[in-house]
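Here the structure comes first, spelled out in C-alpha cells, and everything after it is commentary.
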Amino acid sequence: MYKLTQKFLVVSLLALTGCEFEANSGRLVGFIVDGQTGQRLNFFKENGAKGNLGDDGDSTSQVYAVIDGEFRRAKPCGRGDLNDKNAIEADGCFQIDNIPEGMTVPIFAQAPGYERFVGEYTYALLDLDQEHAQKVGNIRLFPKGFSVDYRLNVSFNNNPVPNAQVFCQYTPTTANSLQVSGNFLEPVNTGTTTVTATTNGDGVAAIPGSSLVNGASYRCEVVMAQSMDGLTLSGQGTFTAGVSQAEQRMAMSTSGSTDTLLYAVRSNADDTTRLQGADGKLVVTFNRPIEILAGTADCQEASAAIGYPDADGVTGAIYPTPAGSRNNGVSESVTTEISSDGLTLTLGFKAERSFDPDDRGTYVYFSGIIVRPRGTTSSSDIRAIGGVGVCPAVAGYTVGDVYNLRTGGSGQNNSIQLF
C-alpha cells in the first residue's frame, strides 16, 4: 500500500494552500485515497489554463460538508499555484475553508464504484492569539463489496488458547483522526453491535469483514470463563477494518485481580459521555452466563438526577419505591432482561413521566442489581451493580461489586446519562 507520510503531508499541504482564512475559522485539507490500494483518487480535473485546477461540477465524485445547515463542496488545493516544474503531486487534494471553530461538521465523500464515506470533524477551539489554522484529514474510500475477514490468533505463553471468548467493538477515537500512515478521518459507524467469536482448537477466532465498517477502529477483548491459578486470563488488541492485516495476534496474560469468577467484559456505559436518550438502558456483557439472584427483585432500584432546569417546566420522573413494597417480588422502578446465552444483562427504568431533551443533564442510577454465575449455589459467588442497597435477601452475605475488565478492574459503572 502506498504510504502518505506525515512529513510529506505537512510539507506538501502547506505548499499547496494559499487562500485567506476568515477569523475564528479554519481549513480542513487532505487527500482522497483508495482504501484497498492506497492510490490517491483525483476528483478534480484540468480546467482552463495549464496548472489551474478546477472542480468538476458535473461529476458524481464529490467531497462536501454541511456547515450552518448548508452543503459546501470541497475545492481543489492550491488553485493557480501548481505547474509541471514544482514537483508537487496534488492529485486528489481537497480543501474545505472557513470551518467555524468548535463546530462539528459532517463530511461526505462519494464516487462511482465506491462505498459512500460519512464522517464528522470538529475544528478545535483556536488559541486566543490565533486567527486561522489548517488541519490535515485524509479520506479513505473503499470499493463496493470490499471487506477483509480477520483471523485473531489468541495465545498464552506462545501456546494457542482454545475456547476463549473474543469481543470486538467499534471504538470511536477521542481525536478527529486516527494515525495509520497519515491522518485519516474516522468514518461514522451506524451500528455499535459487538462482534463475538470463540477460538477453535488452534486458538483462532474468525471475524467476518462483512460485520465490520471499513476504515473504522475496533478494540477487541479476549477472556476465559475460568480462572487460571486464581488469576484472570485476558488480552486486548486493536485493528482498523479493511486496512490492518488480516492475521492478527492477541497475547493473553494474567492479572492480579482478586475477582476472577465473574466480571463485566464491557458495557455501553464505559464511555461516560455517551447520551442514551429518553429510553436509555444500561447494557452489561459478562465473561460467563449469569442469572439474577432469586428473591432480589425487590432490591432493584432506579433513581434519576436532573442537572439543569427543564425548559418546558415538566420534568421526567421514575416510579418511586414506596414503603412496604419490599416483599411483593417485583421492582417498582427497574426492568431486567438477560440474553438467551446469559452473557448480556440489560437494565431499564420505569418512567412515571417521560424524559425529554429538555431534561438536560439527566442521569439514571441503578442499585441493588444482584447477580451470580448461572447455576452456582455458593454465596461467595454473588456480585452486585450499584451496591446491594436495602436487600434482606442477601443479609449475612459478603457481596462484592461487579468489576469491569475494560476499565481496569474498577467497579462496573451503575449510571447512564439520558440527555
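Output the residues belonging to the range 238-247 that are open to solvent by less than 70 Å² (accessible area, probe 1.4 Å) and over 20 Å from the mean Cα position of the chain (by Cα).
Correct list: Ala246 only.
Would you mind stating whether Asp149 is loosely packed, with under 13 Cβ neighbours inside 10 Å, at pLDDT 85 or above and farther than 17 Å from Thr104 by Cα? Don't jump to the end; show me each part of the working.
Details: loosely packed, with under 13 Cβ neighbours inside 10 Å: yes; at pLDDT 85 or above: yes; farther than 17 Å from Thr104 by Cα: yes.
It is true that Asp149 is loosely packed, with under 13 Cβ neighbours inside 10 Å, at pLDDT 85 or above and farther than 17 Å from Thr104 by Cα.
Take the range 387-400 and flag every residue that is out of contact with any Cys (no Cβ under 9 Å at 6 or more places or on another chain) and in contact (Cβ under 8 Å) with a residue 60 or more places away in the chain.
Gly400
Among the residues of the range 214-237, what is the count of those that are at pLDDT 85 or above and open to solvent by 30 Å² or more (accessible area, probe 1.4 Å)?
1
If you scan the range 96-112, which residues turn out to be under 16 Å from Thr122 (Cβ atoms) and either basic (Lys, Arg) or more than 23 Å from the chain's Cα centre (by Cα) (or both)?
Ile96, Asn98, Ile99, Pro100, Glu101
Within the range 378-419, which residues are open to solvent by 50 Å² or more (accessible area, probe 1.4 Å) and under 15 Å from Asn268 (Cβ atoms)?
Arg406, Thr407
Among the numbered criteria (1) open to solvent by less than 50 Å² (accessible area, probe 1.4 Å); (2) out of contact with any helix residue (DSSP H, G or I) (no Cβ under 8 Å at 6 or more places or on another chain); (3) at pLDDT 85 or above, which single criterion is violated by Pro112?
(1)
Does Ser331 fit the bill of being in contact with a helix residue (DSSP H, G or I) (Cβ under 8 Å, 6 or more places away or on another chain), modelled with pLDDT of 90 or more and not aliphatic (A, V, I, L, M)? Spell out how you get there, then give the answer.
Numbers: in contact with a helix residue (DSSP H, G or I) (Cβ under 8 Å, 6 or more places away or on another chain): yes; modelled with pLDDT of 90 or more: yes; not aliphatic (A, V, I, L, M): yes.
Judged against the criteria, Ser331 is a match.
Scanning the range 152-179 for residues that are out of contact with any Lys or Arg (no Cβ under 9 Å at 6 or more places or on another chain) and under 26 Å from Phe31 (Cβ atoms), which turns out modelled with the lowest pLDDT?
So in the range 152-179, the residues out of contact with any Lys or Arg (no Cβ under 9 Å at 6 or more places or on another chain) come out as 156-164, 166, 172-175, 178-179.
Retained after the next criterion (residues that are under 26 Å from Phe31 (Cβ atoms)): 172-175, 178-179.
On the way: Pro172: 57, Thr173: 49, Thr174: 40, Ala175: 38, Leu178: 29, Gln179: 32.
Filtering the range 152-179 for residues that are out of contact with any Lys or Arg (no Cβ under 9 Å at 6 or more places or on another chain) and under 26 Å from Phe31 (Cβ atoms), the one modelled with the lowest pLDDT comes out as Leu178.
Among the strands (runs of 3 or more DSSP E) contained in the range 260-377, which hold 2 or more residues that are in contact with a strand residue (DSSP E or B) (Cβ under 7 Å, 6 or more places away or on another chain) and surrounded by 14 or more Cβ atoms within 10 Å (Cβ to Cβ)? Give the derivation first.
Working: elements: 264-267, 282-286, 290-292, 301-306, 334-338, 344-349, 351-353, 362-367, 369-373.
Passing ranges, in order: 264-267, 282-286, 290-292, 301-306, 334-338, 344-349, 362-367, 369-373.
The values are calculated or read from the model by the stated rules, or taken from the named source; none is laboratory data. Source: prediction; values computed, not measured. Here Cβ is always computed from backbone atoms with ideal geometry, including for glycine, and neighbour counts include all displayed protein chains. Ligands, DNA and RNA are excluded from the accessible area calculation, which covers all protein heavy atoms including side chains. Shrake-Rupley method; radii C 1.70, N 1.55, O 1.52, S 1.80 Å.
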